[in-house]
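*Asks:* Below are the structure tokens for one structure; questions will follow.
The values are calculated or read from the model by the stated rules, or taken from the named source; none is laboratory data. Keep in mind it's a predicted model, so treat the numbers as computed, not measured. Because the Cβ atoms are built from the backbone with ideal geometry, glycine has one as well, and the counts that use them run over all protein chains shown. Keep in mind that these areas ignore ligands, DNA and RNA; they rest on the heavy atoms of the full protein, side chains included. Shrake-Rupley method; radii C 1.70, N 1.55, O 1.52, S 1.80 Å.
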Amino acid sequence: MIIFATETSCDETSVCILNKEKKILSHIIHTQKEHGKFGGVVPEIASRSHLQILQKITKQAFYESNINIKDVNLFCSTSGPGLMGGLLVGTTFTKSLAIGCGKPYMPINHLEGHILSPTFNNIINYPYICFLLTGGHTQLYLIRDINKYEMLGETLDDAIGEAFDKVAKLLGQSYPGGPIIEKKAKKGDDKYFDLPHPLNKKNNLNFSFSGIKTAVNLIVKKNNNIDEKFINNMSASFQKKISDILENKLHSVMIYLEQEKIKVSQISIVGGVASNKNIFYRMEKKAKDYNCSVILPPDFMFSDNAAMIAWVAMNKYTKKFNSDLLSKPNPRLSIDSIKL
Ligand code: KG4
Ligand code: ZN
């Protein structure tokens, strides 16, 4: 069983060849650097780049893995959520390969890719909690099993990664802002700026990040000296506030689970923001209070990648599976669309 997967929902163009022994035969992630100067992803530029890069890295992946495309059993690609242009490029390209080779095609939900990423490298005890922390989404799930995802809360405004990116932009930094903020925060005082803590009620499982971004904006506007020290202190204060919020949500979700008499022993954090070490250490420390451990995906599955898409396909593929060439990409695809 050999799976070929593509991921093109945002600004990473990625392909992966995975076999049934869970061996990654090739995995290429091309991060489009051209968005850096714009402070965010420009959809039209992203689609054009996907179109140019996808063919190149597909050829490279088959060459590297020494696999003949005719030996692929299943083709799959991200069909949403994401930017429509990129989704159209990825789904059309991958379906064409499937048709050309006379093999089935499976559309994959990008959120499920992130959700299942820690099941690749951890032994899982169901049910467990999942914090999905990306540039486009911030959601809290109870994962009962593969295909059984119960959303307990989500952001009411900005996504967590979006907040990192917007704050970085306000501080004159390039895109993506998350890794830059994490680096600058190491040299700053995390108590220097007092930022707001939205939805701070113990029973609220939703998130809100736009108020913090506005607070940063106001402080930046009042200050005429945005020097390195200011940037470091703001990065540290902002990152600490984000970790406070996540720690607080972990506490709230534990109270909720206790009320519902649901026992969990694992908390997963997934998506690009989950690669932030400060967030991980804070969550790990808090999880210990509830006798839980924090589980993470392998390093190459934090940010957008095709390996997580191939891994979902591997989990879903059964002998009864019917090819789905008529499926359409959906920029707003939700987790509810996943069929049991
Ligand atoms: O999961 P991802 O690659 O793409 C989406 O599905 O959106 O997440 C990208 C987001 C960006 O907003 C980026 O700034 C953020 O993840 N990010 C980080 C870090 N690395 C990436 N945020 C905080 N700390 C990091 N180290
Ligand atoms: Zn993603």
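*Asks:* Less than 14 Å Cβ to Cβ from residue 27, Lys/Arg counted +1 and Asp/Glu -1: what total charge do the surrounding residues give?
*Replies:* With Lys, Arg at +1 and Asp, Glu at -1, the neighbours total -3.
*Asks:* If you restrict to DSSP beta bridges whose two residues both lie in the chain, what percentage is antiparallel, to the nearest 5? Write down the numbers at each step before the final one.
*Replies:* Values: 25 of 42 bridges.
Around 60 percent of the beta bridges assigned by DSSP in the chain are antiparallel ones.
*Asks:* Quote the convex hull volume per residue of the chain, based on C-alpha atoms, as a whole number of Å³. Don't skip to the answer; put the middle values down first.
*Replies:* Values: hull volume 43.5 nm³, N = 340.
Spread over its residues, the Cα hull of the chain gives 128 Å³ apiece.
*Asks:* Another question, if that's okay. Calculate one ³J(HN,Hα) per residue across region 179-196 by plugging θ = phi - 60° into the Karplus curve 6.51 cos²θ - 1.76 cosθ + 1.60, and present them in order as whole Hz with x for glycine and proline.
*Replies:* The phi angles translate into x, 5, 4, 4, 5, 5, 4, 4, 9, x, 9, 6, 9, 5, 10, 9, 9, x Hz.
*Asks:* For the cross-link pairs 70/148; 56/319; 184/285; 23/241, which exceed 29 Å when the distance is taken from alpha carbon to alpha carbon? Before the final figure, lay out each step's value.
*Replies:* On the way: 70/148 33 Å; 56/319 31 Å; 184/285 23 Å; 23/241 39 Å.
Exceeds cut-off: 70/148; 56/319; 23/241.
*Asks:* Could you run the Karplus curve 6.51 cos²θ - 1.76 cosθ + 1.60 with θ = phi - 60° over region 107-114 and give me ³J(HN,Hα) per residue in whole Hz, x for Gly and Pro?
*Replies:* Each residue's phi maps through the Karplus curve to give x, 10, 7, 4, 5, 5, x, 5 Hz.
*Asks:* I would also like to ask the following. I need the calculated FRET efficiency for the pair residue 101 and residue 126, taking r as the beta carbon distance and R₀ as 35 Å, to the nearest 0.05.
*Replies:* Working: r = 35 Å, r/R0 = 1.01.
My answer for the efficiency is 0.50.
*Asks:* Taking every DSSP beta bridge that has both residues in region 122-296, what percent is antiparallel when rounded to the nearest 5? Kindly include the intermediate steps, with their values, before the conclusion.
*Replies:* Details: 12 of 20 bridges.
That works out to approximately 60 percent antiparallel.
*Asks:* Exposed loop trypsin sites (Lys or Arg not before Pro) only (DSSP loop, at most 14 other Cβ atoms within 10 Å): please give the longest stretch of the chain free of them, not including the sites. Can you show the working numbers first?
*Replies:* Numbers: sites that count: 20, 22, 23, 186, 187, 191, 201, 202, 261, 263, 319, 320, 332, 339.
Free of exposed loop sites, the longest segment is 24-185.
*Asks:* A follow-up question, please. At q = 0.12, 0.18, 0.23 Å⁻¹, what base-10 log of I(q)/I(0) does the Debye formula yield for region 230-340 when every alpha carbon is treated as an equal point scatterer in vacuo?
*Replies:* -0.64, -1.09, -1.27
*Asks:* Which lysines have a Cα less than 17 Å from the Cα of residue 37, not counting those fewer than 8 places away in the same chain?
*Replies:* The qualifying lysines are 166, 169.
*Asks:* Now for a separate question. Name the residues of region 167-211 whose amide N is less than 15 Å from a point 7 angstrom out from the Cα of residue 226 along the C-beta direction?
*Replies:* Counting only backbone N, you get 167-175, 177, 181.
*Asks:* Pull out a ≥ b ≥ c, the square roots of the eigenvalues of the alpha-carbon gyration tensor of region 1-134, then state rounded if a/c is under 1.5, prolate if not and a/b is larger than b/c, and oblate in the remaining case. Walk me through the numbers on the way to the answer.
*Replies:* Values: a/c = 1.69, a/b = 1.05, b/c = 1.61.
Because a/c hits 1.5 or more and a/b fails to exceed b/c, region 1-134 counts as oblate.
*Asks:* Using θ = phi - 60° and the Karplus curve 6.51 cos²θ - 1.76 cosθ + 1.60, what whole-Hz ³J(HN,Hα) does each residue of region 120-129 get, with Gly and Pro shown as x?
*Replies:* 6, 10, 10, 8, 9, 10, 7, x, 9, 9
*Asks:* Just flag the GluC sites (Glu not before Pro) in region 131-197 sitting in loop per DSSP whose Cβ has no more than 14 other Cβ atoms within 10 Å. Before the final figure, lay out each step's value.
*Replies:* Numbers: sites: 150, 154, 162, 182; in loops: none.
Counting only loop positions with at most 14 other Cβ atoms within 10 Å, none of the GluC sites (Glu not before Pro) in region 131-197 qualifies.
*Asks:* Would you please give the FRET efficiency between residue 23 and residue 336, computed as 1/(1 + (r/R0)^6) with r the Cβ-Cβ distance and R0 = 41 Å, to the nearest 0.05?
*Replies:* 0.80
*Asks:* Helix 84-101 versus the longest principal axis of the chain: what is the Cα-based angle in degrees, 0 to 90, to the nearest 10?
*Replies:* 20
*Asks:* Go ahead and run the numbers for FRET between residue 38 and residue 200, Cβ-Cβ distance against an R0 of 45 Å, rounding to 0.05.
*Replies:* Numbers: r = 34 Å, r/R0 = 0.75.
Working from the Cβ atoms, E equals 0.85.
*Asks:* Quick one: plug the Kirkwood hydrodynamic radius of region 263-314 (C-alpha pairs) into Stokes-Einstein at 20 °C, 1.002 mPa s, and report D in µm²/s. Display every interim value, and only then the final one.
*Replies:* Values: Rh = 11.9 Å.
My calculation gives 180 µm²/s for D.
*Asks:* Counting other C-beta atoms within 10 Å, and keeping those with at most 13, which DSSP coil chymotrypsin sites (Phe, Trp or Tyr not before Pro) do you find in region 261-340?
*Replies:* When the chymotrypsin sites (Phe, Trp or Tyr not before Pro) of region 261-340 are filtered for loop state and at most 13 Cβ neighbours within 10 Å, 321 remain.
*Asks:* Dividing the alpha-carbon Rg of region 107-259 by 2.2 N^0.38 Å yields what?
*Replies:* Values: Rg = 16.9 Å, N = 153, 2.2 N^0.38 = 14.9 Å.
Its radius of gyration relative to the 2.2 N^0.38 Å reference: 1.13.
*Asks:* Name the residues whose placed amide hydrogens come within less than 5 Å of the amide hydrogen of residue 152, ignoring near sequence neighbours (fewer than 5 apart) on the same chain.
*Replies:* 140, 141, 142
*Asks:* Heavy-atom accessible area per residue, the chain, 1.4 Å probe: how many Å²?
*Replies:* Values: 15740 Å² over 340 residues.
For the chain, the per-residue accessible area is 46 Å².
*Asks:* Report relative contact order for region 1-119 in percent, whole number only (criteria: Cα-Cα under 8 Å, sequence separation at least 6). Before the final figure, lay out each step's value.
*Replies:* Details: 209 pairs, mean separation 34.8, N = 119.
Worked out over region 1-119, it gives 29 percent.
*Asks:* Calculate the length of the line joining the C-alpha centroid of region 258-286 to that of region 54-70, in whole Å.
*Replies:* Each part's Cα centre sits 36 Å from the other's.
*Asks:* Next question. Using +1 at the C-beta of Lys and Arg and -1 at the C-beta of Asp and Glu, which of 248, 290, 19 has the Cα lying farthest in the positive direction of the dipole of the chain?
*Replies:* 19
*Asks:* Here is a further query. Expressed as a rounded percentage, what relative contact order does the chain have, with Cα pairs under 8 Å and six or more residues apart? All intermediate terms of the calculation are to be shown ahead of the outcome.
*Replies:* Working: 702 pairs, mean separation 81.8, N = 340.
Worked out over the chain, it gives 24 percent.
*Asks:* Counting each DSSP H run of 4 or more residues in the chain as -39500 (n - 2.57), what helix-only mean residue ellipticity at 222 nm follows after dividing by all residues, to the nearest 500 deg cm²/dmol? Don't skip to the answer; put the middle values down first.
*Replies:* Numbers: 9 runs with 136 residues, N = 340.
Roughly -13000 deg cm²/dmol at 222 nm, from the helical runs in the chain.
*Asks:* What are the GluC sites (Glu not before Pro) within region 217-307 that DSSP puts in a loop, where the Cβ has at most 13 other Cβ atoms within 10 Å?
*Replies:* Working: sites: 228, 247, 258, 260, 284; in loops: 260.
Taking region 217-307 and a limit of 13 other Cβ atoms within 10 Å, the loop GluC sites (Glu not before Pro) found are 260.
*Asks:* Further question on the same structure: Which whole-angstrom value gives the distance between the alpha carbon centres of region 214-245 and region 1-51?
*Replies:* 32
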